[in-house]
Amino acid sequence: MDSNKDNEMKTLFVSAACSDMAVATIELLREDYRFVLAARDADRLNETIARMKWESSIELALACDVRSSEMCESVAEQLINRDLVLDGVVNFAGTLPVRANFMQLEVDRLLDDFSTRVVGNINLLRYLSRRLKPAASVVIINGILSKMPDADFLSGSLSTVALRSLGKAAARTLASRRIRVNTVNPCAAETKMKDQVFAALSAQSGVAADAIQTAVESKIPLERLCAALDVAKTVKFLLSDESSFITGASIDVDGGYNASLA
């Protein structure tokens, strides 16, 4: 890689870097960024880096569970030790949706969803904001339940609504440094996680997973699931100067699923 080009490249922190959406995003941004990648499972992260041949694009690869304030603080310390400052942060960390209303929902499940989505993003914002350049961009991957809560997916609904609020609050808090914070809301997406969710729903309902997918797609005006690349392109826009006056937004990537006027 050209050393002058290397010096011009921006630095991006990506959490949950092994997820399908994260992989698509990193692939899309490799020409313009060097990466600090984090994931709960260090072995899986290293396997992903090797499989995708990302070695030349990586500044740091770290084990980090965003639910842990100690691990997030350690990430910030490692950035300081390497004299790395960030042009952006993208957090893909989430949980599998579970079908359960308030009568069925296990409290431990609700606490885990809140710990991952809300506490995890607070931890990242609190510790990594110290290493963000002025006018940097933070993008948090949330979910369409934040706009369309579902009583039968109560834990995901409550935690994504809370995360949407956190995104708006963080945008106000960091605005004095011209740091932007936005959330992105995919609908059901064509990822490995989708296969797990539809298989679980099939086991609960006795309806074939393919039939469940067809039913979901029929509710989306553009008649397909969200692709990982759809999210990656949205993230690229929100990281760029093209979106320099957008902050506190909650952007749906859902093929028109949430086509309400509210």
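Remarks
- Summed residue charge, Cβ within 12 Å of Thr234's Cβ, Lys/Arg positive, Asp/Glu negative: -2
- Cα-based convex hull, segment 1-150, per residue volume (Å³, whole number): 122
- Fewest-first sequence of Leu96, Leu225 by Cβ atoms within 10 Å of each Cβ: Leu96, Leu225
- At most 15 other Cβ within 10 Å, DSSP loop - trypsin sites (Lys or Arg not before Pro), segment 186-241: Lys219, Arg224
- Gained length - Ala175 relative to Glu242, 0.36 nm times residue gap less alpha-carbon distance: 22.4 nm
- Per residue, the average separation of C-alpha pairs within less than 8 Å and at least 6 apart gives the chain a relative contact order of 19 percent.
- Three principal axis extents describe the C-alpha atoms of segment 105-168; from largest down they are 41, 23, 13 Å.
- Taking label points 7 Å from Cα along the Cα-to-Cβ direction, Glu27 and Asp195 give a separation of 1.5 nm.
- Exposure proxy order (Cβ contacts within 10 Å, fewest to most) of Ile179, Ile140: Ile179, Ile140
- From helices alone, the chain scores -13500 deg cm²/dmol at 222 nm; the rule is -39500 (n - 2.57) for each run of n ≥ 4 DSSP H residues, then divide by the residue total.
- Partner aspartates and glutamates whose Cα lies under 15 Å from the Cα of Lys192, excluding those fewer than 8 positions away in the same chain, are identified as Asp20, Asp210.
- Computed FRET value (nearest 0.05) for Ser202 with Glu55, which takes r as the C-beta separation and R₀ as 45 Å: 0.70
- Charging the Cβ of each Asp and Glu at -1 and of each Lys and Arg at +1, and nothing else, the dipole of segment 189-228 about its Cα centre rounds to 100 debye.
- When both segment 156-170 and segment 192-238 are represented by their alpha-carbon centers, they are found 22 Å apart.
- Structure-derived Cα Rg over 2.2 N^0.38 Å - corresponding label in (i) 1.20; (ii) 1.00; (iii) 1.10: (ii)
- Proportion of all alpha-carbon pairs of segment 154-262 beyond 25 Å (%): 32
- Order of Ser244, Ser15 under a 10 Å beta carbon neighbour criterion, fewest first: Ser244, Ser15
- Here's the list of lysines a cross-link from Lys147 could span, going by alpha-carbon distance under 16 Å and ignoring same-chain residues fewer than 8 apart: Lys168, Lys219.
Every number in this text was worked out from the coordinates using simple rules, so none of it is lab data. Note that the coordinates shown come from a computational prediction; the quantities given were computed from them, not determined experimentally. Note that we place each Cβ from the backbone using ideal geometry, even for glycine, and neighbour counts take in every protein chain shown.
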